[in-house]
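The values are calculated or read from the model by the stated rules, or taken from the named source; none is laboratory data. Because the structure is a prediction, the values reported are computed rather than measured. A quick note on method: Cβ atoms are made from the backbone with ideal geometry, for glycine too, and the neighbour counts reach across all protein chains shown. These area figures cover heavy atoms from the full protein model, side chains too; ligands, DNA and RNA do not enter into them. Shrake-Rupley method; radii C 1.70, N 1.55, O 1.52, S 1.80 Å.
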Amino acid sequence: MDYTLSWDADAGGIRYIDQTLLPGRCEPALCTTIDCLARAIERLEIRGAPALGIAGALGVALAARTSPHERMEAFLRDVRGAAEQLKSTRPTAVNLAWGIDRVLARIERADSVDEARRSAVAEAEAVVREDEESCRTLGQHGAGLLPDPCTVLTHCNAGALACRCWGTALGVVRSAVRAGKQVRVIACETRPLHQGSRLTCWELARDGIDVTAIPDSAAAYLMRKGGIDCVIVGADRITSDAVFNKIGTYMHAVAARYHAIPFYVAAPLSTFDAGRSEKDIVIEQRDRRELAYCGDRQLLPEKVNVLNYAFDATPLSLVSAIITEEGVLCPPYDLLSRSGIGPAR
Ligand code: MRU
């Protein structure tokens, strides 16, 4: 598959697959301004925590390349403003702020505007490369946890489309398949924006991996029937006490614990925010229209309120293991709160 997003040096911008068009069309898009990138993130054309980290890193590089200022002070003001604009687009996935801060820190160490521009692109490209390496390594660590044959339930899209390529939860599946295991995936459709049916099913089917879509509400019943060997999801942020991921993840974790099914989270260290806890985190709430309409079709009477949380928090006590590029973390996770992995406060 093509890379989900990358720096296009010839065009001087960020090239990405517009995920709102899938599964009907797989089309590349280009952003050469910060406003364009911010809009693409808000509209979920670019989405998924690691992909947001890359977008943030490339976005700061773009801001550095396009700032007209040649004096350091005005240049830094410009780039910091762009960084704040990008950070405000989506508050929950910590990778976005992580990618932004990493490139910003590199720029702030530069001695000249010229050096800042060059090093910003180099640092952002390092973020891109490392994302691919982390996904492939964590995939191999996670593949060892899967029985052969097995059926894995997943929620949302934590695949190649949510990263540079390969994926986190789906990276584990890909690595297991590559190792010769027989893996079948049950993809929850993931209402209201259908990242499971639109994106997970699209990318797995395209790679020839056995995938079946279900409504989110069918997951617990399938577990009860004995049809699921484990659950693997990605994460938007891992604090000292909880995993933040797509709304609906928590109910799968509760159902998995009730049915004694392992519940795994696959995420790179850039998703960790171990210095914070659940109560510190803002959960994004999205537009009423996402629930009230399906395309042009109205699904909800006028004037009825909605609660449209984009993410929920699953207590770590329900997580059987966290699969990272550094290895598999098992309970108790007190190591997390002690190590403080994640951005500085
Ligand atoms: O709103 P989205 O589509 O950006 O939400 C994405 C998720 O919740 C993913 O599961 C998460 O970012 C992990 S991606 C490897």
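At-a-glance table
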read-out: Per residue solvent-accessible surface (Å²) - region 5-136, probe of 1.4 Å; value: 41
read-out: For TYR258, net neighbour charge (Lys/Arg +1, Asp/Glu -1) across residues whose Cβ lies under 15 Å away; value: +3
read-out: Protection proxy ranking of 204-210, 319-325, 53-59 - average other beta-carbon atoms within 10 Å, highest first; value: 53-59, 319-325, 204-210
read-out: LEU307-TYR258 pseudo-label distance in nm [points 7 Å out on the Cα-to-Cβ vector]; value: 1.8
read-out: Surface share of carbon and sulfur [accessible, 1.4 angstrom probe, percent] for the chain; value: 49
read-out: For the chain, alpha-carbon Rg relative to the globular expectation (2.2 N^0.38 Å, N residues); value: 0.97
read-out: 3J(HN,Hα) from dihedral phi, region 105-111, Karplus parametrisation 6.51/-1.76/1.60, rounded to Hz, x for glycine, proline; value: 4, 5, 5, 5, 8, 6, 8
read-out: Taking N as its residue count, the alpha carbon Rg of region 132-217 over 2.2 N^0.38 Å; value: 0.99
read-out: Pair-distance profile P(r), taking every C-alpha pair of region 1-139, with 10 angstrom steps and integer %; value: 13, 46, 33, 8, 1
read-out: Under Karplus coefficients 6.51, -1.76 and 1.60, residue-wise ³J(HN,Hα) of region 212-227 in Hz, glycine/proline x; value: 10, 8, 9, x, 3, 6, 8, 4, 5, 5, 5, 4, 4, 6, x, x
read-out: Value of Rg/Rh across region 94-139 [Cα atoms, Kirkwood radius]; value: 1.08
read-out: For region 36-43, 3J(HN,Hα) per residue [Karplus equation, 6.51 cos²θ - 1.76 cosθ + 1.60, θ = phi - 60°, Hz, x = Gly/Pro]; value: 5, 5, 4, 5, 4, 6, 4, 7
read-out: Cut-off 9 Å between beta-carbons: net charge of the residues surrounding ALA51, Lys and Arg +1, Asp and Glu -1; value: +1
read-out: Cα-based radius of gyration of region 140-339 once divided by 2.2 N^0.38 Å, which approximates compact folds; value: 1.01
read-out: Theoretical ellipticity at 222 nm over the chain - DSSP helices of four or more residues, -39500 (n - 2.57) apiece, nearest 500; value: -12000 deg cm²/dmol
read-out: Formal net charge of residues neighbouring PRO268 (Cβ-Cβ distance under 14 Å; K, R +1; D, E -1); value: -3
read-out: Computed FRET value (nearest 0.05) for LYS225 with ARG129, which takes r as the C-beta separation and R₀ as 45 Å; value: 0.55
read-out: Probe 1.4 Å, accessible area per residue of region 140-339, Å²; value: 43
read-out: Sparsely packed trypsin sites (Lys or Arg not before Pro) within region 4-73, loop by DSSP, other Cβ within 10 Å at most 13; value: ARG25, ARG43, ARG71
read-out: Lysine pair count for the chain [Cα-Cα under 28 Å; pairs on different chains or 8 or more apart]; value: 7
read-out: Residues whose placed amide H lies under 5 Å from that of ALA242, excluding near-sequence neighbours; value: GLU278, LEU316
